[in-house]
Amino acid sequence: MRVLRLMTLVCLIFAPGWPAAQAADRLALVIGNGAYVHAGPLANPKNDAQDVAERLSKLGFKVVLGLDLDKVGFDAKVRDFARELEDADSAILFYAGHGLQVAGHNYLVPVDAKLDRERDLEFEAVRLDFILKQMELGREDKTNIVFLDACRDNPLARNLGRSMGTRSTAIGKGLAQVEAGVGTLISYSTQPGNVALDGTGRNSPFTAALVERMTEKGRNLTSLMIDVRKDVIAATGGRQVPWDHSA
């Protein structure tokens, strides 16, 4: 019954023509980080975030948009998002940019992160589970959807691994699987432990498919993500397979 409710809500969330009066009930945090100072720049995350934000705005979401955020700016956007979450029936997090997993925890990386040593992680990166906690606090009967286009090859992870010595085995490839809370779906641009492609066009393969599909009429999230997966597999010749997890 819970899954049916989630699928029904998502079908409504992505339905074109949703009344504008519902905008306050639908909130999205959309972040695209590409202008990295201590790692090679990523061409597409800024475009990815802008295009997703535009689509969600047309679907009636109030969007908190952040582009090329340093740590201070990243924290500020998360706080702005968190302050409005309690009144939102539906919340979306979309993140494009560098991410990494250490000891099973996922971190989203601001553009000024250097990550010279292990202790820098908590100060210079943003833990994904912190944002997920904000999305779940006081929202037990609400719907959360998370899109993570954050599994790109990350030189900062290699730098961190060199400083950790024998503990570098705690750094996994790509992102780790996250156990979703009730009413939450988490969609990864590729399967856990794998690396996604940045793409050669305006958008990454995952975001290009997501933006194309999200406003199709009469769709629920299950069928939408199946088609996104098929599109990405076709666009990458099978090298990238989107994956999702829900409760």
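The values are calculated or read from the model by the stated rules, or taken from the named source; none is laboratory data. Quick caveat: nothing in here was measured; it's all calculated off a predicted structure. All Cβ positions, even for glycine, are placed from backbone atoms using ideal geometry, and neighbour counts span all protein chains on display. These area figures cover heavy atoms from the full protein model, side chains too; ligands, DNA and RNA do not enter into them. Shrake-Rupley method; radii C 1.70, N 1.55, O 1.52, S 1.80 Å.
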Study note, to complete from the structure: Of the listed residues (A88, A28, A82), the one being in contact with a helix residue (DSSP H, G or I) (Cβ under 8 Å, 6 or more places away or on another chain), closer than 27 Å to S223 by Cβ and at pLDDT 95 or above is A28
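Would you mind finding the one in V109, V102 that is open to solvent by less than 50 Å² (accessible area, probe 1.4 Å), at pLDDT 90 or above, within 19 Å of the chain's Cα centre (by Cα) and of a type in the set (A, V, I, L, M, F, W, C)?
V109
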Review point. Restricting attention to segment 81-99, which residues are exposed (fewer than 14 other Cβ atoms within 10 Å of the Cβ) and more than 14 Å from N144 (Cα to Cα)?
Key: R83
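For segment 119-148, name all the residues that are part of a helix (DSSP H, G or I) and open to solvent by 70 Å² or more (accessible area, probe 1.4 Å). Step through it out loud before you land on a result.
Here is the first cut: in segment 119-148, the ones part of a helix (DSSP H, G or I) are 119-124, 128-136.
R119, E122, F123, F130, K133, E136, listed by residue number.
Which count do you get for residues in segment 203-218 that are open to solvent by 40 Å² or more (accessible area, probe 1.4 Å) and either over 24 Å from I31 (Cα atoms) or not in a loop (DSSP other than H, G, I, E, B) (or both)? Steps first, answer last, please.
First, the residues of segment 203-218 that are open to solvent by 40 Å² or more (accessible area, probe 1.4 Å): 208, 212-213, 215-218.
Checking the rest, the ones that are also either over 24 Å from I31 (Cα atoms) or not in a loop (DSSP other than H, G, I, E, B) (or both) come to 208, 212-213, 217-218.
Qualifying residue count, segment 203-218: 5.
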Practice item. Those residues that are open to solvent by 70 Å² or more (accessible area, probe 1.4 Å) and either touching a residue at least 40 places away in the same chain (Cβ under 8 Å) or not basic (K, R) (or both), I need them from segment 227-236; list them, please. Key: A234, A235
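When segment 176-195 is examined, which residues are found to be open to solvent by less than 30 Å² (accessible area, probe 1.4 Å) and touching a strand residue (DSSP E or B) at 6+ places or on another chain (Cβ under 6 Å)? Write out each step before concluding.
As a first pass, look at segment 176-195 and keep what is open to solvent by less than 30 Å² (accessible area, probe 1.4 Å): 176, 178, 180-181, 183-190.
Residues satisfying the conditions are A176, V178, A180, G183, T184, L185, I186, S187, Y188, S189, T190.
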